[in-house]
1. What number, rounded to the nearest 500 deg cm²/dmol, is the helix-based mean residue ellipticity at 222 nm of the chain, given -39500 (n - 2.57) per DSSP H run of at least four residues and division by all its residues?
2. Tell me which DSSP H helices of the chain clear both cut-offs, 24 Å or more of axial length from alpha-carbon atoms and a mean Kyte-Doolittle hydropathy of at least -1.0.
3. Counting only protein heavy atoms and a 1.4 Å probe, tell me what percentage of the stretch 219-347's accessible area is made up of carbon and sulfur.
4. Give me the one-decimal nm value for the distance between modelled label points at S312 and Q119, 7 Å along each residue's Cα-to-Cβ direction.
5. Between (i) 43, 24, 22; (ii) 58, 20, 18; (iii) 33, 22, 18, which entry matches semi-axes √(5λ) of the Cα gyration tensor in Å as derived from the coordinates of this structure?
6. Apply 1/(1 + (r/R0)^6) to the Cβ-Cβ distance of D177 and H62, taking R0 = 30 Å, and write down the FRET efficiency to the nearest 0.05.
7. Compute the separation of the alpha-carbon centres of the stretch 292-341 and the stretch 172-250 and state it in Å as a whole number.
8. The stretch 226-292: D in µm²/s via Stokes-Einstein (Kirkwood Rh, Cα pairs, 4 °C, 1.567 mPa s)?
Amino acid sequence: MSDPPPKQTTDTDDDAGGAEPRAAASSPATPERRPRIGWADLPDSVRSAVEDMVGSPVIAAHTQPGGYSPGSADRVVTAKGTRFFVKAVTGSLNSESPQLHRREARIMNLLPAGLPIPQLVGTHDDGEWVALVFSDVDGRHPQLSGPDLHAVLDAVDAISARPLQPEALEILPSLTDEVRGIFEGWARLRNDPHPGLDPWAAGHHALLESLSAAAADNVGGDRLAHVDLRADNVLIDGGGRAVIVDWPWAAHGASWFDALTLLVDARVNDPACDTEAALREHLVFTSAAPEQVDSVLAALAGYFLDNARRPSPPGLPTLRAFQQAEGAACLGWLRERLERPEPARVF
């Protein structure tokens with residue numbers, strides 16, 4: 001996890017084919033974003049390479065406006081009537097984005113078949129531009145305060161239930177290793193105090209730092225984790241099935257980590273969302289002990305709030321507002337949990 005979220009909401013990432021993303025919703029996590037480039041802005045050589053890959057000229061392209069990458073993200077239609085999702089970027093737009101696309105391509109080739117994820121059709125990499133072509137997912141982004149929440153949790157459960165092959169476990173990073181450094185946000189905030197910190201957090205700084213200390217170890221495991229799960233990385237298809245997209249930060253870790261970060265995102269978009277009920281009732285959380293949940297929420301809050309005070313990365317002017325909103329959601333939920341008894345589970 002570099003500067004952006006636990007390799008969690010990083011400085012990039014697009015939507016792998018779908019309707020209007022969370023940017024369309026009114027939320028403190030979704031301020032006005034700078035327009036991304038589109039299919040027509042790509043060099044002729046990149047468009048030609050993609051057309052060769054899909055076996056037909058592209059006759060229509062529809063830019064998807066969400067995500068945090070300045071690169072392209074287009075649903076395209078070919079002369080044969082086939083549909084694909086294409087995203088492409090160059091280092092001149094954001095220096096880290098091409099490497100993230102390369103990383104995602106490697107990861108997609110490691111993932112087991114049959115998961116609720118798009119298929120990687122092919123990759124173009126000329127050393128400057130990197131383009132990924134996926135199967136198109138005709139869907140919309142979820143509303144996490146309704147039935148869609150359970151559909152997404154079901155998809156996370158299906159993904160985390162599948163054991164990873166030894167090759168994938170060897171190549172994918174450990175989530176524990178990935179987050180250990182970034183989960184020290186409260187220590188950084190102690191050493192470099194932030195005057196805008198929430199008063200409750202400032203008064204409970206030692207507790208938050210103590211809770212966070214075990215968080216990296218608590219998210220260890222041998223199951224596939226997306227590590228950047230939020231509403232604009234999910235599509236709901238016509239049958240109500242959730243498809244999870246954008247996989248550059250995948251790791252192996254705890255089966256419930258993605259589901260917990262999704263509930264945080266649900267609270268950002270709807271503070272009244274009953275995330276505690278989902279935490280108690282959905283089977284994806286069966287192995288998540290209450291103290292582990294508290295630890296990870298504390299660590300995520302420290303991570304987000306520590307990063308939110310930093311200058312915006314080049315080409316990503318809205319990232320810090322997103323991190324501030326996510327950090328506040330983590331902190332608010334954790335405070336509620338610490339100030340009331342933990343309800344009994346219903347498994």
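1. Working: 13 runs with 133 residues, N = 347.
Only helices count here, giving -11500 deg cm²/dmol.
2. Values: long enough: 290-308 (27 Å, 0.43); 319-338 (28 Å, -0.08).
Within the chain the helices that satisfy the rule are 290-308, 319-338.
3. Details: 2080 of 3860 Å².
C and S atoms contribute 54 percent here.
4. Here the answer is 3.9 nm between the modelled labels.
5. (iii)
6. Numbers: r = 39 Å, r/R0 = 1.29.
About 0.20, to the nearest 0.05.
7. What the calculation gives is 8 Å, centre to centre.
8. Values: Rh = 13.0 Å.
For these conditions, the coefficient is 100 µm²/s.
The values are calculated or read from the model by the stated rules, or taken from the named source; none is laboratory data. If you're wondering where the values come from, they're calculated on a predicted model, not measured in any experiment. Please note: Cβ atoms are built from the backbone with ideal geometry, for glycine as well, and neighbour counts cover all protein chains shown. Areas reflect the complete protein model, heavy atoms only, side chains present, ligands, DNA and RNA absent. Shrake-Rupley method; radii C 1.70, N 1.55, O 1.52, S 1.80 Å.
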